[in-house]
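Undergrad: Mind looking over this structure? Questions follow.
The values are calculated or read from the model by the stated rules, or taken from the named source; none is laboratory data. All values derive from a computational prediction rather than experimental measurement. Quick reminder, even Gly has a Cβ in these numbers, built from the backbone with ideal geometry, and neighbours come from all protein chains shown.
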C-alpha cells in the first residue's frame, strides 16, 4: 500500500486527482491523506467535502487528516511509498526543517524513519526563490524523490515550479522498481 497526501495547492487538485486515478488503475492500493487545511478549506477550485468524498470513494478508505492518525504510518503501519501531491512550498519547508505540525508532515517523518521512498510532486510559486533551499536540502536526503517539474507561467510567476502531474504514475512505478536516476530531480 502507498500513501497519497494532498496539501493546499488547491489549483492543482484536479491534476493530482487525475494522477491518483491512474495510480489506482495501475493496481496500487492507496491510503489517502490530507493536510488539515486541504481537509477543511473550501475554495473556488471546489468544496473540501466534495474533494473528500471523491478521494475516499476512489481509494475506498477514509482520509487520514490528523497528526494522531498519521503518526502510525511509519514502523507500526508501514507504507511502500508516500506521495505528497500536491506538495506546497510551506509543507516542503517544514519537511526540510523536520517540522511535524501537520498530518502530512507527521506521515512523512514517520515514513522516512523506515527508509522507504517519499515522492514529492511540488506546486510552489516560490520554488525558485524562497523554497529553493528546501528543494536542495531534501534532494540530498536519502529516499526523497521529486517528480519532474516545470515552470507553469515563466512571465507571470517567474519563481514558480509545478510538478508534471501526468508523469507521476510512471515516476512512482520507477521509484518502486528502484529505477530512479541518481539525480532524483528533473527540471
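Undergrad: Determine if region 64-82 includes at least one residue that is under 21 Å from residue 141 (Cβ atoms), assigned to a strand (DSSP E or B) and either over 12 Å from the mean Cα position of the chain (by Cα) or touching a residue at least 12 places away in the same chain (Cβ under 8 Å) (or both).
TA: Yes, region 64-82 contains a residue that is under 21 Å from residue 141 (Cβ atoms), assigned to a strand (DSSP E or B) and either over 12 Å from the mean Cα position of the chain (by Cα) or touching a residue at least 12 places away in the same chain (Cβ under 8 Å) (or both).
Undergrad: Could you say whether any residue in region 159-174 is modelled with pLDDT under 90 and surrounded by fewer than 19 Cβ atoms within 10 Å (Cβ to Cβ)?
TA: yes
Undergrad: For region 26-36, what are the residues that are touching a residue at least 40 places away in the same chain (Cβ under 8 Å) and either within 18 Å of residue 92 (Cβ to Cβ) or exposed (fewer than 15 other Cβ atoms within 10 Å of the Cβ) (or both)?
TA: Of everything in region 26-36, those that are touching a residue at least 40 places away in the same chain (Cβ under 8 Å) and either within 18 Å of residue 92 (Cβ to Cβ) or exposed (fewer than 15 other Cβ atoms within 10 Å of the Cβ) (or both) turn out to be 26, 33, 34, 35, 36.
Undergrad: Quick one: residue 89 ticks every box in (1) touching a strand residue (DSSP E or B) at 6+ places or on another chain (Cβ under 7 Å); (2) under 18 Å from residue 36 (Cα atoms); (3) modelled with pLDDT of 95 or more bar one, so which box is it?
TA: With (1) touching a strand residue (DSSP E or B) at 6+ places or on another chain (Cβ under 7 Å); (2) under 18 Å from residue 36 (Cα atoms); (3) modelled with pLDDT of 95 or more applied to residue 89, the lone miss is (3).
Conditions (1) over 23 Å from residue 13 (Cβ atoms); (2) within 15 Å of the chain's Cα centre (by Cα), marked per residue:
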residue	(1), (2)
121	no, yes
151	no, no
156	no, no
171	no, yes
174	yes, no
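Undergrad: Go through (1) surrounded by 15 or more Cβ atoms within 10 Å (Cβ to Cβ); (2) modelled with pLDDT of 90 or more; (3) more than 21 Å from residue 63 (Cβ to Cβ) one by one and return the number of the condition residue 127 breaks.
TA: It fails just one condition, (2).
Undergrad: Looking for whichever is assigned to a loop (DSSP other than H, G, I, E, B) and touching a residue at least 24 places away in the same chain (Cβ under 8 Å) here; the options are 101, 153. Which one fits?
TA: Only one candidate qualifies: 101.
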